[in-house]
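Trainee: Dropping a structure here in structure tokens format, bear with me for questions.
Read-outs throughout are calculated quantities, based only on the coordinates presented, and are distinct from any laboratory measurement. These figures come from a predicted structure and were not determined experimentally. Neighbour counts are summed over all protein chains in view; Cβ atoms, including those assigned to glycine, are modelled from backbone coordinates with ideal geometry.
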Amino acid sequence: MPSDSLRVGVLTGGGDCPGINAALRAVTKSLTLQHDAEVLGFLDGFRGVVDRNVEPLHYRDVSGILTRGGTILGASNKADPFNYLPRGGADVSAQVMRTYRTLDLDALVAIGGDGTMSIAHRLTDLGVDIVGVPKTIDNDLVGTDRTVGFDTAVSTATDAIDRIHTTAQSHHRVMIVETMGRYSGWIALHAGVASGTDVILLPEIEYEVETVADVCRDRERSGQRFTIVAVAEGARRKEGDYVVQERGDEYTDSIRLGGISRVLADQLREHLDTSIRTTVLGHMQRGGSPTAYDRTLATTLGTRAATLVAEGTTGVMVAVQNDAFTQVPLDEIAGKTRTVPLDDPLIASGLDVGTSFGVAVSDLSEAASHSKPASPIQP
Ligand SMILES: Nc1ncnc2c1ncn2[C@@H]1O[C@H](COP(=O)(O)OP(=O)(O)O)[C@@H](O)[C@H]1O
Ligand SMILES: O=P(O)(O)OC[C@H]1O[C@](O)(COP(=O)(O)O)[C@@H](O)[C@@H]1O
Ligand SMILES: [Mg+2]
């Protein structure tokens, strides 16, 4: 039933994170209050678009969700319409197009990470008008300096490492804390520096076991009888492999990373007699109420997405670059991962306060001087 008012679908794709609801609230309130639009929420990410599982979203439906973790719409990280795992990996994009046309949508707002933006880009080519809103605890989306959910995950991980600190100190132990982040080390880097960990191991810098063991030994010799190591789930030793928790077609990438902390503990035991313990922070990093930063970021990005939809600018993701808000074409984002550049200022500051990144400082400075800065993306 065609109508004159703007009709916009919204979905939340990929893994959940704190701040998605805040973004959903911003998109819905802004579209209804400022643009007199009708908003329809798809359930469980692209799954809801394929199965036409949709509910109207009114102002009252998003009232009171600003502070709530997760997503009231539900999410899925197994619902790529071009490789639809619930139907054996079939291409069901035609079904997405049918839903889009049958519901007479003018546009779709996709709140998601790199996977969701890659799908959004492919749908754009088929004729769907999409605006993306970046969310993921991993902070691994190109085109934006920050994603909704990252700040909260860093706060949670920092708080956890602070708690580990006191027990490490009391028992004179090496404590290894494993963070999420897939193939990028943003959470480990930020939480590690914020909590003053002694060693930070990132996927971007392959570590040497001997160098990490030396840090623990040197600290013991100097009277500091404990060491804290923050290790990203995607970290690996020099010439080693990623540590994989599970493999299977039902997973994004066919790989679920996880378990590096125990592998590292075994590697260190070959060099140290010290007692070693491991903690995997896991999905705790995806939960809880968003920080004030994530709430304001989600609100700003969400309202900007609504404005772009209303003025007919689509095929883009709203973004923040150098503290300014902008938008980036989806084709510049799709299929890419933003890793930590070796010349990131936080690595330099970590080194300056004596943090080890698991390799000799000279090797790291040498590598950093050769690392290419991320290419600037024009709005
Ligand atoms: N490069 C890609 N192109 C197309 N689909 C992708 C790509 N990367 C991931 N996906 C799919 O996108 C969905 C969501 O990806 P995921 O990484 O879990 O979430 P997010 O959107 O938060 O990054 C999954 O179904 C995944 O298989
Ligand atoms: O919830 P699952 O399927 O175990 O996935 C775990 C993965 O999802 C994340 O928590 C978030 O990643 P996405 O934002 O890309 O969904 C990763 O850090 C982690 O590797
Ligand atoms: Mg992702």
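Trainee: Under a point-charge model restricted to the Cβ atoms of Lys and Arg (+1) and Asp and Glu (-1), what is the dipole moment magnitude of the chain relative to its Cα centre, in debye to the nearest 20?
Mentor: Its charge dipole is roughly 860 debye.
Trainee: Could you state the number of Å between the C-alpha centres of the range 304-367 and the range 50-64?
Mentor: One Cα centre to the other: 32 Å.
Trainee: Let me ask something additional. Take each of the peptides 354-364, 254-264, 124-134, average the number of other beta-carbon atoms within 10 Å over its residues, and list them starting from the highest.
Mentor: Order by mean packing, descending: 124-134, 254-264, 354-364.
Trainee: What value, in deg cm²/dmol to 500, does the helix sum -39500 (n - 2.57) over DSSP H runs of n ≥ 4 give at 222 nm once divided by the residues of the chain?
Mentor: Helix-only estimate at 222 nm: -11000 deg cm²/dmol.
Trainee: Which loop-located chymotrypsin sites (Phe, Trp or Tyr not before Pro) does the range 28-82 contain, where loop means any DSSP state but H, G, I, E or B and the Cβ has at most 16 other Cβ atoms within 10 Å?
Mentor: PHE82
Trainee: If you don't mind, there's one more thing I want to ask. For the chain, what is the largest minus smallest coordinate of the Cα atoms on each principal axis, given in angstrom and ordered from greatest to least?
Mentor: For the chain, the Cα extents along the three principal axes come out at 76, 40, 38 Å.
Trainee: Can I ask one more? Lysine pairs in the chain 8 or more apart or on different chains: how many have alpha carbons under 19 angstrom apart?
Mentor: Number of lysine pairs found: 5.
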